[in-house]
Each structure stands twice: as C-alpha cells, then as structure tokens.
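One structure is given here, and the rest of the page talks about it.
The values are calculated or read from the model by the stated rules, or taken from the named source; none is laboratory data. The model shown is predicted, which means the values in this text are computed figures rather than measured ones. A quick note on method: Cβ atoms are made from the backbone with ideal geometry, for glycine too, and the neighbour counts reach across all protein chains shown. The protein model used for the area step is the full one, side chains on, heavy atoms only, and it has no ligands, DNA or RNA in it. Shrake-Rupley method; radii C 1.70, N 1.55, O 1.52, S 1.80 Å.
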Amino acid sequence: MARILILEDDKTFAQLLEGFLTKNKHEVTLVTHIKRSFKLIENQEFDLFLIDYRLPDGIGFEVITHSRNLGLSTPIIIMTSFNDVRTAVKSMQMGAFDYITKPVNPDELLMVIKNSLTKKDSEDIKVETAESDFIKGKSAIADRLYEHIALVAPTDMSVIIQGESGTGKEFAARTLHQQSKRADKPFVAIDCGALSKDLAASELFGHIKGAFTGAVNDKKGQFEAANGGTLFLDEVGNLSYEVQIKLLRALQERVIQPLGSTKQIAVDVRIITATNDDLLNSISGGEFREDLYHRLNEFKILLPPLRDRGTDLELFINHFIQLSNRNLDRNVKSISAEAKSLLLNYDWPGNLRELSNVIKRMVLLSPGDIAQVNALPDEMTIAVNQQTLPGSSSDLKAVNEQNEKTLIAETLIKAKHNKSKAAKMLNIDRKTLYAKMERYGIE
C-alpha cells in the first residue's frame, strides 16, 4: 500500500482515480490546487505524487520544484492531456519520475506507479539491470560512440557527456566506470536537477551536526562515498554558483570540507558530468563558471538523439519488446505494418527513455502476439499526421527541415539576433546553430 497525493482539478476524474487506486489498496489524498498541495507536502509524508500538468493556479512543474526545494525525493508522475510528449520530457528533465497521458489506461497507471515505487532499489541492482537490459546499436554513429568510450575509460580524465534528455547519459557514465581502472570501487550518481540549492552542498560534501537547521546528525557527502571510484553529476548545469565554487576547489585541491566543519578530507574521485545543454551557453549567460567548465571538460562525449541513429531504431524496438514481454508476461512476436510505420516515422523527442515507455505500454495493451497501432499513444499519430497534412509535402525529412528552418528564424528574431541566446533557447550549441543557419541560408 502506498500513500498517494493526487493533484487534479477535474473532480470527476480525480474521484475515479481515487476509487480505482483505493480498490488496489492504496491510500489516496485528493487536492485540486497547487497552493493546497504545498501545505500537504510540507506537513504530511507521501510515497508518490500523481500530478495534473495544468491546474487552476499554475502548472505541475511548480510542485516538482517545491518538493525538490524541500529536499524530498518522493517520485512524481505527471498527467497530461495535451498530446505533446515534449511537456512530459521537460517534466522529467526537472525531476519527475515518469509521465502518463490522458485518458489514463488503468493497467498502464498501475504499471507506472509500481515502477516509481520500486525506483529506490540498490545501486547494485540498478547496475545489474542496466548491464542485462541494454543493447548497443550497430550503426556507424554507435560504433564511433563506443570507440570514444573505450578510448577515455581507462584514463582518469574528467568527462562531459552531452545529449538530449533520454539518450542514456547515465548508462554511458556507468560504462565509462565499468571499463576504467576504478571499476571495483564505488560508482555514485547524483541528479543535480533534483537537488535544492540549500541542500546541494550538503549532499556533495557532507555536513556536521548543527551545521544548519535540521542537521541533527553528521552526514557523509557523496564525494566521500565515491572515494576511489567515480562520481557522476547529472545535469551539472543546475548547480548554484556558490556550489560550483566549492566543486572547483574540491577538484583542484582534491579535498572537501563538510558544512560547519573546519576539517578537510582528502578524496580521490573521478568526475563524470552530464548535461542536455551545451554549458558554453550557460557560461555566456553568466550561469556557469568558465574555469569549472574547463576543469570538467577534459574529454567530451556527444550522445546522438534517437532520430539520428538510423537502423538502430528497429534494433531498439525489438529489444524493448523482448524486455517488456519478459517483465509483463506478454507474448508480442511482431508489429502490424501500420504500427511499425508509425514507430519508424515518429521523431522521438524523448529518445530512448520515451521509446522504452511507449514499447512497454504497447506490449501491455496487446493481448495477442501482434501489436496493433491502437496500442500506441494518440499523440504519436497526431505528430506524424501533422507532418503529412493535405497540401503539404509527404517527404518527412523535407517537412522536418522546413519546420526547423522556420523555428530557427523565429528564435533569432526573439533573441534579437543574439546567436548565443538563440542557441540556448533552441537547446543546441552555437556551432550547431551556425551550421544550420548556413545550411538553410539564414542571414
């Protein structure tokens, strides 16, 4: 049984959820406004937050931020009816565990809840699962990626892994660790996006009793926990400027100082960081220290988005079907032509994470051995159909390029032709922006 807070302003839908989850032996609290949810989160303990995206007094993202600022690690599932997975991807970048689209399928909801409630398994189990459940691509891009990993893994160089959300940055970091000389030492992963500004320094460097309000015991920081091994800082660009200064000092001097303590502790840690944005954009905006960037960027690995991985897509689809059959006790052996066409033509903004979720849902909703298109989310059909409307080109690549050209031109206008700012708004680096401007003839 889990204690679940549901934040949903559609009272009829909320009551249906409450009845269904109560029937499945969960304890449910309903709330319709964000401000009311804040009070409940601050004064009660919950195992899970199930949150609608758009609410009368704000959006679900505010709850993610508030709970993280309180130092809570409670899993959050976002519900959205906007047929746009980009919203869900953004919520996961901010720290949500997963998302689910309306109308909610009961079996899918139970599956997502079960996954979120078991997310705190030990690191050993996570590593074992990652090793057994992962498959390498066979494309030229994949070969080049793993050549780079094999080249830098045995060294102690600091590595930045850059890629869109869902491209597998943490798995790449674990692979680097497992192929390094530190493989028998700890691998510690920290999601910097889920750390509040007040608690980030304590999480990284530790604190002593009484260092601040609420510090009732001494706490060992993750730097110390990873001593001798690898520390992986995901979304490192979210660290506050003050914590960046402390991190730079730790890397330069190889010592840390717990909050409230005068004692310095020597540490030997290899740093791997990850970001879904080019940190050069954050440097130009004054949000990230340039000296820290150069300390972290001894080697950079770029993870390609799923849409650029060619024939690897079919390989991943088949792999995730096998995993889902095993985990959900299903027997999907093939995909209908219509469903396969949709899977291959969709642009996958959420990358491998989204593909895994979609395939898992498809297998769950397929009682027979052939998966049909109605087992795929409606937003995928809408997204692909928008690219092939009557009167428009049926050439998917041409449509995507035209949309990209228009978006770049509009963004440059919004940024008043500040290319660094435009690149940041587009979530690409400046070099990529310049190349695309030249390609499309944008002045």
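The figures follow:
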{"quantity": "Lone qualifier among Leu40, Leu30 - being over 25 Å from Thr381 (Cβ atoms), open to solvent by 20 Å² or more (accessible area, probe 1.4 Å) and modelled with pLDDT of 90 or more", "calculated": "Leu30"}
{"quantity": "Residues of region 365-409 satisfying the condition of being at pLDDT below 85, within 30 Å of Asp107 (Cβ to Cβ) and open to solvent by 90 Å² or more (accessible area, probe 1.4 Å)", "calculated": "Asp378, Gln386"}
{"quantity": "Single condition Lys169 does not satisfy, out of (1) within 23 Å of Arg353 (Cβ to Cβ); (2) in contact with a helix residue (DSSP H, G or I) (Cβ under 9 Å, 6 or more places away or on another chain)", "calculated": "(2)"}
{"quantity": "Selection within region 243-262 - at pLDDT 90 or above and open to solvent by 70 Å² or more (accessible area, probe 1.4 Å)", "calculated": "Ile245, Lys246, Arg249, Gln252, Glu253, Arg254, Gln257"}
{"quantity": "Qualifying residue in region 265-275 (condition: at pLDDT 90 or above, open to solvent by 30 Å² or more (accessible area, probe 1.4 Å), touching a strand residue (DSSP E or B) at 6+ places or on another chain (Cβ under 8 Å) and closer than 21 Å to Glu298 by Cα)", "calculated": "no"}
{"quantity": "Residue within region 114-126 that is β-branched (Val, Ile, Thr) and at pLDDT 85 or above present", "calculated": "no"}
{"quantity": "Failed item, numbered, when Thr65 is tested on (1) open to solvent by 60 Å² or more (accessible area, probe 1.4 Å); (2) of a type in the set (Val, Ile, Thr); (3) under 17 Å from Thr101 (Cα atoms)", "calculated": "(3)"}
{"quantity": "Exclusive hit being modelled with pLDDT of 90 or more, open to solvent by 20 Å² or more (accessible area, probe 1.4 Å) and closer than 18 Å to Lys138 by Cβ, set Leu315, Leu355, Leu302", "calculated": "Leu315"}
{"quantity": "Phe223 vs. criteria part of a strand (DSSP E or B), open to solvent by less than 50 Å² (accessible area, probe 1.4 Å) and either among the aromatic types (Phe, Trp, Tyr) or free of Cβ contacts under 8 Å to residues at least 40 places away in the same chain (or both)", "calculated": "no"}
{"quantity": "Residue pairs meeting the criteria (Cβ under 7 Å; at least 6 apart or on separate chains; first without any contact (Cβ under 8 Å) to a residue 12 or more places away in the chain, in region 264-277; second part of a strand (DSSP E or B) and surrounded by fewer than 18 Cβ atoms within 10 Å (Cβ to Cβ))", "calculated": "Gln264/Val255"}
{"quantity": "Residue selected from region 261-281 under the condition in a strand (DSSP E or B) and not small (Gly, Ala, Ser), by the criterion farthest from Lys181 (Cα to Cα)", "calculated": "Thr275"}
{"quantity": "Members of region 418-443 found to be open to solvent by 70 Å² or more (accessible area, probe 1.4 Å) and of a type in the set (Ser, Thr, Tyr), listed by number", "calculated": "Tyr434"}
{"quantity": "Lone unmet requirement of (1) more than 25 Å from Ile160 (Cβ to Cβ); (2) open to solvent by 70 Å² or more (accessible area, probe 1.4 Å) for Gly214", "calculated": "(2)"}
{"quantity": "Close pairs from region 285-299: first farther than 18 Å from Glu235 by Cβ and modelled with pLDDT of 95 or more, partner open to solvent by 50 Å² or more (accessible area, probe 1.4 Å) and of a type outside the set (Phe, Trp, Tyr), Cβ under 6 Å, at least 6 apart", "calculated": "Glu298/Met157; Phe299/Met157"}
